[in-house]
Structure formats: C-alpha cells, structure tokens
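Inspection log for the structure reproduced underneath, given as structure tokens.
The values are calculated or read from the model by the stated rules, or taken from the named source; none is laboratory data. Quick caveat, the model's predicted, so the values are computed rather than measured. Here the Cβ is made from the backbone with ideal geometry for all residues, glycine too, and neighbour counts use every protein chain on show. The accessibility values were calculated without ligands, DNA or RNA, using every heavy atom of the protein model including side chains. Shrake-Rupley method; radii C 1.70, N 1.55, O 1.52, S 1.80 Å.
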Amino acid sequence: MLTNFQKAMEITTGTSSVRDIRIERIGAHSHIRGLGLDDRLEPRANSQGMVGQGKARKAAGLIVKMVQDGRISGKAILMAGPPSSGKTAIAMGMAQSLGNDVPFTMIAASEVFSLSMSKTEALTQAFRRSIGVRIKEETEIIEGEIVEIQIDRSVTGATKMGKLTIKTTDMATVYDLGSKMIDSLAKEKVLAGDVVTIDKASGRITKLGRSFSRARDYDATGADTKFVQTPEGEVQKRKEVVHTVSLHEIDVINSRTQGFLALFAGDTGEIKPELREQINNKIGEWKEEGKAEIVPGVLFIDEVHMLDIECFSFLNRALEDELAPLVIMASNRGTATIRGTTFRSPHGLPVDLLDRVLIISTQPYSIADVEQIIQIRCQEEDVQLAPDALKALANLATETTLRYALNLISTAQVVARKRKSTVVETEDVRRCYGYFLDEKRSTQWLKEQQGSLVFDALGDNDVTMATS
Ligand SMILES: Nc1ncnc2c1ncn2[C@@H]1O[C@H](COP(=O)(O)OP(=O)(O)OP(=O)(O)O)[C@@H](O)[C@H]1O
Ligand SMILES: [Mg+2]
C-alpha cells in the first residue's frame, strides 16, 4: 500500500499539446473573433465580427482585463437579456480575447443532467476544467546543429537503427537512434544543417531553423526558411519549460481507472474526492516552491435557468472555494420558476445566488445594427445578398428575432440557387419566410390548432424576456 504522501508524489501533469486541436467550421458564432474593443476598452462600432451592444461589450472587456490580471476568481457574472440579443456571442468574444493560456470552458446547463455522473460531479469537473495550472519544469534537452543523420536499414526493412551527429560551436556528440526517433526525424523533415532541440524525455523534436553556415546551400532552402546561429556551449543542457494544464486534466491523468486516454474519449467518469484533495495539496506545495502558478479561468454556463435548486446551492458554495474560476452565466428568462421548486424568481435564479452576481444586460438591437450583423454573416457564409433583400431580412429580424433572420440567409441561398441565381433577392427571402415559421407565427398556429397536438397545454408559466 502506498501512503497518501507517496501517491501524491506521483502526480503527473502530462503535456498540454492535446489542447491545440481546433477545427474551423461555420457555426452560429464563427464570425466572432473578439470583443471588438480598442486599447481603452471602448467598443468599436463594427470590429472583430461584433456590432452594437456597446455597454455589454465594454463590461465584458473589463471582466476579461481583470481575469488576465489574475484579479478575479470566485466571482460570478450573469448576462441577462432577450433571446438572440448576443449573450452567447459576447461570451464567445470573451473566450477569444482571453488568449490560449487562460482556460475557458463552456457548458450548457442541461449538459449537467445528461451525463452519466451526478450533477455535482459534472459541475465540479466543469469548475476544474476552468482552472489552469502553469507548471515550470526543468527538462533535459539536446540542442544543436545537425551534422549528419546516418540510418542503417535491416535487410527486411523492419528494424531501423542509426546515428545522429549534432554539434554546437564548442563540441559535437554522436547519439544512437532508435526507430521511433528515426520516424520523428523523417516526419519533421530534419536535414543536416538544421538547428533543432530534442526533448530527451518525450523525444519531441522542434526545428529552430537552418544554420547560417549552410546559407549557401540554395537547393535545400525554401523562400520562407529562417536562418539561426549554431548554438553555443554543451549539446545537452537543462532548460526550463512552462506549460499550462487544467486541474481537471491533472485529475483525469492521475485517476487510476481512467488514465490519459480518457481525456480523448471524454469518458472520465466520477473522480474520487480524495484524489482531488491530494492534487490540490500537491499543487499548493508546488505553488509555494515556485514551481507552479494558478491561472483562474472562466466557466461559462449557458441557459443557466435550466439548472435546478441543488445545482444552484452547489454553485453558491463552490464560488467560495479557494480554487474557483470566474463563472459567467447567461439567461433569457424573465421571472421564471426555479427548477426543482415551486418558487418564481428573476431570471429563474434563486435570490441568494442573484445577490452574488454582477449582472450585464443585453438590449434588443437597432435596425442599423441588425443590418450590419446580417452583412457579416453573409460574408461568413459566402452569400451574396441584394440590397433590397438585406432590408427585407433586417425588417424581418426586428419583427421576429435576429436569429430567425440569420437562419434564413442560408435557406434563401438554396432557394436562389434553385432558380440559378448567385445573388439572393427579396423574393427568395419572402419564400423562405413562407416555408419556415418563426416563433410568433408558430405560437399563433398552435393556438389555432389547439388540442390537436400531443401534450398540448397552453399557458406554461415560464416566459422569456421580451424581444422589444
Ligand atoms: N453584437 C453582435 N455582433 C455580431 N453578431 C451577433 C451579435 N449579437 C448576436 N450576434 C449573432 O446573432 C446570433 C444570435 O445571438 P446569440 O446566440 O448570442 O443570442 P443569445 O443572446 O445567446 O440568445 P439566447 O438567449 O436565445 O441563447 C448569433 O449567431 C450571434 O453570433
Ligand atoms: Mg445563447
């Protein structure tokens, strides 16, 4: 049996390279590239995909600034406003302007109920995903200019062996190569004359550039080749590297039953509280020794009114924890029933939680703003819109919602294509308006059909905030 202390000693942090996978797609918010604020945090009229909603964007910018300075954690913000007034969009903008090093986790409140774990565990995991630990580690690296790579293949080609000669201005060393290293050298296209660093523990190779001494080998250099000096001193040296991982990643990697692969599968299961405690203690030690730094990030809970009273009381408590991120919530509810109770409360949140939050409100858009947002979306979706059609869509947006109008862009394009036109005209928009109901017309239709649909009961007492 290991003692607690020994177990804690084994805590590993893995590498953070897993987190760099990003896929670019056109999604509802893919046009948002930041909050569109200037250096004084004043909102620009139309920048980084953001239009209007100046006050809310400025408020969001202030919060981002405080997070970046590490001055805000354990606080909560509520974004309240009518549907499709940009609450989620602003949260995405915040995520973009926080940068890669600050963790930003986004969950929809309903996810908490659909996972194969308890609600509080799901929330705890979301909290711990949003706290980064910046770890300084000393690693052994090999750094120098490649003199020669020599590879001997066996007759069958199955096993490969080789030798790597690497030099600095002061010395040269020859290393034996295994087949894994040979493969990574081939993958990185490392040639003689390249200056590289090789992480001894992981075998990861980083090309720094080509050596100046090889600047005359024209055939081996492309136009964008970077030239660097041959390093000085020892070939093998110790170097300090810094990487940021989230507390949740550390939890998962160290939980015996799951292991590293669970991070990719997303199937992490419940994590034992004792393990978390050990990890917290260890990180506390690292912090004191100057080896680690806590980076409080942001947890965004969208549609927060979907949480129930147990989750809310968990939040109340968790926000007071020493390791708490900034929690941003969004709700489009007016006065609504708190889930799990019969009480009604503003935004569907219990008053004791409301008391702890700063509220940012989003306002309905002016028609000029709406026009600009529609134009941005057309660029994003590669749709050409005739000026009249733009006016028609903007009018529709004020009558229905912005989101409904944005959804019509791509459908109208399909209709336009059917009549072999590359430009979307008012006619196409009008047709789509006929094909697809918006929320108001759908409600109207339900009223007319009253009783003929399954589970049809009007007068549900939850209401969303008014759009205008
Ligand atoms: N200020 C803005 N600038 C650019 N695009 C915006 C802006 N506000 C909203 N949008 C876009 O309009 C659409 C609807 O906005 P969003 O989804 O943010 O609304 P929401 O307030 O979260 O609504 P809900 O309460 O229904 O969730 C999105 O595609 C969003 O990217
Ligand atoms: Mg939203």
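Tell me the mean residue ellipticity at 222 nm calculated for the chain from its helices only (DSSP H runs of n ≥ 4, each -39500 (n - 2.57), averaged over every residue, nearest 500).
-10500 deg cm²/dmol
From the P(r) of the chain, could you give the percentage of C-alpha pairs in the tail past 33 Å?
Values: 59754 of 109278 pairs.
Summing the P(r) tail past 33 Å for the chain gives 55 percent.
Just subtract the alpha-carbon distance of GLU322 and LYS136 from 0.36 nm times their residue separation and send over the number in nm, one decimal. Write down the numbers at each step before the final one.
Details: separation 186, 0.36 × 186 = 66.96 nm, distance 2.16 nm.
Extra length from GLU322 to LYS136 when fully extended: 64.8 nm.
What FRET efficiency comes out for the pair ALA192/LYS291, r = Cβ-Cβ distance, R0 = 25 Å, nearest 0.05?
Numbers: r = 38 Å, r/R0 = 1.51.
Given R0 = 25 Å and the Cβ-Cβ separation, E is 0.10.
State, to one decimal in nm, how far the label point of ALA108 lies from the label point of LYS237, with both points 7 Å from Cα in the Cβ direction.
For ALA108 paired with LYS237, the spin-label model returns 5.2 nm.
Give me Rg/Rg_expected for the stretch 367-443, where Rg uses Cα atoms only and Rg_expected = 2.2 N^0.38 Å with N residues.
Working: Rg = 11.3 Å, N = 77, 2.2 N^0.38 = 11.5 Å.
Taking the Cα Rg and dividing by 2.2 N^0.38 Å, one obtains 0.99.
Using 0.36 nm per residue of separation minus the Cα-Cα distance, give me the extension gain between LYS391 and GLU448 in nm, one decimal.
Values: separation 57, 0.36 × 57 = 20.52 nm, distance 3.06 nm.
Between LYS391 and GLU448, full extension yields 17.5 nm more.
Take the eigenvalues of the Cα gyration tensor for the stretch 310-468, scale each by 5, and report the square roots as semi-axes in whole Å, largest first. If you can, show how the numbers build up before the last one.
Working: eigenvalues 289, 104, 34 Å².
Ellipsoid half-lengths, sorted descending, are 38, 23, 13 Å.
Could you state the angle between the C-alpha long axis of helix 426-435 and the longest principal axis of the C-alpha atoms of the chain, as a value from 0 to 90 degrees rounded to the nearest 10?
The two axes meet at around 80 degrees.
Per-residue HN-Hα couplings for the stretch 195-206, Karplus 6.51 cos²θ - 1.76 cosθ + 1.60 at θ = phi - 60°, whole Hz, x for Gly and Pro?
9, 10, 10, 10, 6, 5, 6, 9, x, 6, 9, 10
Name the residues whose placed amide hydrogens come within less than 5 Å of the amide hydrogen of VAL295, ignoring near sequence neighbours (fewer than 5 apart) on the same chain.
Those lying under 5 Å, H to H, from VAL295 are GLY132, VAL133, ARG134.
Could you order peptides 235-242, 44-51, 196-203 by the average number of other Cβ atoms within 10 Å of their residues, highest first?
Output ranking for 235-242, 44-51, 196-203: 44-51, 196-203, 235-242.
Report the FRET efficiency, 1/(1 + (r/R0)^6), for LYS163 and ARG33, where r is their Cβ-Cβ distance and R0 is 45 Å, rounded to 0.05.
0.40
Checking the table LYS65/LYS287; LYS75/LYS287; LYS239/LYS291; LYS58/LYS287; LYS163/LYS187 against a 25 Å threshold on Cα-Cα, which pairs fail?
Values: LYS65/LYS287 23 Å; LYS75/LYS287 22 Å; LYS239/LYS291 14 Å; LYS58/LYS287 33 Å; LYS163/LYS187 17 Å.
Distance filter (> 25 Å) returns LYS58/LYS287.
For the stretch 367-443, what is the accessible area per residue in Å² when the probe is 1.4 Å? Before the final figure, lay out the partial values.
Numbers: 4310 Å² over 77 residues.
Averaged over the residues of the stretch 367-443, the accessible area is 56 Å².
What figure, in Å² to the nearest 10, do you get for the accessible area of ASP170 with a 1.4 Å probe and non-protein molecules left out?
Looks like 110 Å² after rounding.
Give, in nm to one decimal, the length gained when the segment between ASP355 and PHE436 is fully stretched (0.36 nm per residue of separation minus the Cα-Cα distance).
Details: separation 81, 0.36 × 81 = 29.16 nm, distance 4.09 nm.
Taking 0.36 nm per residue and subtracting the Cα distance, the gain is 25.1 nm.
Where in the stretch 368-457 are there chymotrypsin sites (Phe, Trp or Tyr not before Pro) that are in a DSSP coil and have at most 11 other Cβ atoms within 10 angstrom of their Cβ? Could the numbers behind the result be given before it?
Details: sites: TYR404, TYR433, TYR435, PHE436, TRP445, PHE455; in loops: PHE436, PHE455.
In loop regions of the stretch 368-457 (DSSP not H, G, I, E or B), the sparsely surrounded chymotrypsin sites (Phe, Trp or Tyr not before Pro) are PHE455.
Viscosity 1.306 mPa s, temperature 10 °C: what is the translational diffusion coefficient of the stretch 139-207 from Stokes-Einstein with a Kirkwood Rh over Cα pairs, rounded to a whole number of µm²/s?
Working: Rh = 12.3 Å.
Reported coefficient: 129 µm²/s.
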